[in-house]
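Have a look at the structure below before the remarks.
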Amino acid sequence: MADLTFGPRGWTPERLDALTGKTHVITGANAGVGFQAARILLGKGAEVVMLNRSAEKSAAAVQELKQEFGAATPVRFIRMDLAEQASVRKAAEEVLQTTPRIDALICNAVIAQVPTRKLTPDGFESQLGTNHYGHFTLCGMRFERIEASRGRIVVVASLGYNMGLRTIRFDDMNWDQGYGANAAYSRSKLAQMMFAYELRDRLAAAGRTGVKVFVCHPGSSATSLIATSGSRTMRLIWWLMTKTPMVQTAEQGAYPEVMCATEEALTEARALYGPTGTREFVGPVGRGTLNAHALDKPVMVRLWERSEKDTGFSWGL
């Protein structure tokens, strides 16, 4: 059933007030949903800092946005490869040196359905290493700046968290046995969600309530994600889906993360925001269904501890 908190059309950017003076940092913002989120925020006067792997694509995206909004538009990019912990740390340091406030860090970048098992330069399975470990370190290194700004962390998840094992296999984090593209993707997105909910719990326990943490998903949106990293079969399936009403535009897919980065009416800590229409793939944006396996507390705690160990980054919480 559609969430009607924001009316029959759900949350839309029409609810946004002017964002002049606000700074939003977005990973993976040179295309797709992340790029559309940047467009929406810039259109309301915010500053946007993109963290992207490709310098060439980032420069083209910045140029396109400046052509749309004006040469003085406050948008820039810093190169960062989420799959490499050294790159994440370097980019995080550069953000701290150049960005005095962070009103929201939107963890949008993702790789999906990688057809064959690959490892990152740090030795992690590629989807877990990029989607979860990269953002885990990034958020931790920027947390104090976000806290000083009384800002937000927005984790962009996926309904894919419901696929596969619905838990974390700590005895085989790198899928040395039985690798499956969808199962590995599902595990990486579940890990991101568990990180966010555990972070909320730890902040609450420490009395550090200045930072809000929200989890959302874009639904089924027309982007190049599957075409970029998916198998030939997945690309064909996705192409067929885009011809149906079960796929919405990339701009509509950006609404949940922009909402979570800006909407003052959001208060629920353990929630999953996104489309609330058919199968929650499309439809009015609001609070959707959150299944219990994403809130398995012993697994959340163990994942946090394992993530600190594997990345070598301690949050001190």
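The values are calculated or read from the model by the stated rules, or taken from the named source; none is laboratory data. All of these numbers come straight from a predicted model, not from anything done at the bench. Note that we place each Cβ from the backbone using ideal geometry, even for glycine, and neighbour counts take in every protein chain shown. Just the protein is used for accessible areas: all its heavy atoms, side chains included, with ligands, DNA and RNA removed. Shrake-Rupley method; radii C 1.70, N 1.55, O 1.52, S 1.80 Å.
Quick check on my filter: what residues within region 204-216 are in contact with a helix residue (DSSP H, G or I) (Cβ under 8 Å, 6 or more places away or on another chain), over 20 Å from residue 156 (Cβ atoms) and either in contact (Cβ under 8 Å) with a residue 24 or more places away in the chain or not in a loop (DSSP other than H, G, I, E, B) (or both)?
Pass one, region 204-216, residues in contact with a helix residue (DSSP H, G or I) (Cβ under 8 Å, 6 or more places away or on another chain): 208-211, 213-216.
Narrowing further to those that are over 20 Å from residue 156 (Cβ atoms): 208-210.
Within region 204-216, 208, 210 meet the criteria.
Can you pull out the residues in region 11-37 that are farther than 17 Å from residue 101 by Cα and either surrounded by 24 or more Cβ atoms within 10 Å (Cβ to Cβ) or under 18 Å from the mean Cα position of the chain (by Cα) (or both)? Those that are farther than 17 Å from residue 101 by Cα and either surrounded by 24 or more Cβ atoms within 10 Å (Cβ to Cβ) or under 18 Å from the mean Cα position of the chain (by Cα) (or both): 11, 28, 29, 30, 31, 32, 33, 34, 35, 36, 37.
In summary, residue 188 fulfils each of the numbered conditions (1) polar (S, T, N, Q); (2) without any contact (Cβ under 8 Å) to a residue 40 or more places away in the chain; (3) crowded, with 24+ Cβ neighbours inside 10 Å with the single exception of condition (2). Looking only at residues in region 74-111 that are more than 16 Å from residue 129 (Cβ to Cβ) and of a type in the set (S, T, N, Q), the one that is most open to solvent (accessible area, probe 1.4 Å) is 97. What is the number of the single condition among (1) open to solvent by 10 Å² or more (accessible area, probe 1.4 Å); (2) farther than 22 Å from residue 316 by Cβ that residue 129 does not meet? With (1) open to solvent by 10 Å² or more (accessible area, probe 1.4 Å); (2) farther than 22 Å from residue 316 by Cβ applied to residue 129, the lone miss is (1).
Regarding residue 201, is this residue open to solvent by 20 Å² or more (accessible area, probe 1.4 Å) and touching a residue at least 24 places away in the same chain (Cβ under 8 Å)?
On the way: open to solvent by 20 Å² or more (accessible area, probe 1.4 Å): yes; touching a residue at least 24 places away in the same chain (Cβ under 8 Å): yes.
Spelling it out, residue 201 is indeed open to solvent by 20 Å² or more (accessible area, probe 1.4 Å) and touching a residue at least 24 places away in the same chain (Cβ under 8 Å).
Regarding residue 179, is this residue in contact (Cβ under 8 Å) with a residue 40 or more places away in the chain, of a type in the set (Phe, Trp, Tyr) and in a helix (DSSP H, G or I)?
Details: in contact (Cβ under 8 Å) with a residue 40 or more places away in the chain: yes; of a type in the set (Phe, Trp, Tyr): yes; in a helix (DSSP H, G or I): no.
No.
The number of residues in region 132-155 that are in a loop (DSSP other than H, G, I, E, B) and either within 21 Å of residue 186 (Cα to Cα) or open to solvent by 10 Å² or more (accessible area, probe 1.4 Å) (or both) comes to 2.
Note on region 27-69: residues that are aromatic (Phe, Trp, Tyr) and under 19 Å from residue 216 (Cβ atoms) total 1. Taken together, the residues in region 259-317 that are of a type in the set (Val, Ile, Thr) and surrounded by 16 or more Cβ atoms within 10 Å (Cβ to Cβ) amount to 6. The number of residues in region 90-114 being more than 20 Å from residue 22 (Cα to Cα) and either without any contact (Cβ under 8 Å) to a residue 40 or more places away in the chain or touching an Asp or Glu at 6+ places or on another chain (Cβ under 7 Å) (or both) comes to 1. Within this structure, residue 117 passes the test of being more than 25 Å from residue 214 (Cβ to Cβ) and open to solvent by 10 Å² or more (accessible area, probe 1.4 Å). Would you confirm whether or not region 156-176 contains a residue that is hydroxyl-bearing (Ser, Thr, Tyr) and either within 19 Å of the chain's Cα centre (by Cα) or open to solvent by less than 20 Å² (accessible area, probe 1.4 Å) (or both)? For region 156-176, residues hydroxyl-bearing (Ser, Thr, Tyr) and either within 19 Å of the chain's Cα centre (by Cα) or open to solvent by less than 20 Å² (accessible area, probe 1.4 Å) (or both): present.
Residues in region 8-35 that are more than 18 Å from residue 156 (Cα to Cα) and free of Cβ contacts under 8 Å to residues at least 60 places away in the same chain: 14, 17, 18, 20, 21.
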